[in-house]
Amino acid sequence: METTPAESLSLWDYFVKCIKNCLDFKGRARRKEYWGFVLFAFITSLVLGFTIGLIMVADKAVGNTISTIETVGDIVGNLYAIALILPSWAVGIRRLHDIGKSGWNILWCFTIIGIIPVLIWACRDSQEGENKYGPNPKA
């Protein structure tokens, strides 16, 4: 993907950018990048689950009681979830950097109550100007 100004990227482009930059834990990610990634990760997860479900229902309709399709469906779903772990963490950490917080705060997501502040932080606007994590991506 060629270098484009941040303002001209679509939500899908942000999703692709996050996948490509899955090992980039430095810098900042604006709200649009974070929520674009979350949106398309959710949509692709729904489409994948729905497709696998339809295939399993069709398999049961022809009378198969024990099928490898269920196992394959589980494997595909789990591989998709595993493939999104690093990009999710990377964009989450960059999002926290954007508001001036340490990336280690992402670990609050592993507690039930800790999800709330991380969600609130993800909704906050970017910190104005440059911070210790880099220049403002909105500029």
Please indicate, with yes or no, whether at least one residue in segment 79-102 is in contact with a Pro (Cβ under 8 Å, 6 or more places away or on another chain) and either aromatic (Phe, Trp, Tyr) or at pLDDT 90 or above (or both).
yes
Kindly evaluate Ile93 against the criterion of being β-branched (Val, Ile, Thr), touching a residue at least 40 places away in the same chain (Cβ under 8 Å) and closer than 22 Å to Phe15 by Cβ.
yes
Pairs needed: first member in segment 4-27, over 18 Å from Gly134 (Cβ atoms); second member anywhere, at pLDDT below 90 and among the β-branched types (Val, Ile, Thr); C-beta distance under 8 Å; at least 6 residues apart or different chains.
Asp13/Thr4
Take the residues in segment 3-56 that are among the hydroxyl-bearing types (Ser, Thr, Tyr) and over 13 Å from the mean Cα position of the chain (by Cα); name whichever of them is surrounded by the fewest Cβ atoms within 10 Å (Cβ to Cβ).
Thr3
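The values are calculated or read from the model by the stated rules, or taken from the named source; none is laboratory data. Note that this is a predicted model, so its numbers are computed, not measured. Virtual Cβ from ideal backbone geometry, glycine too; neighbours counted across all protein chains shown.
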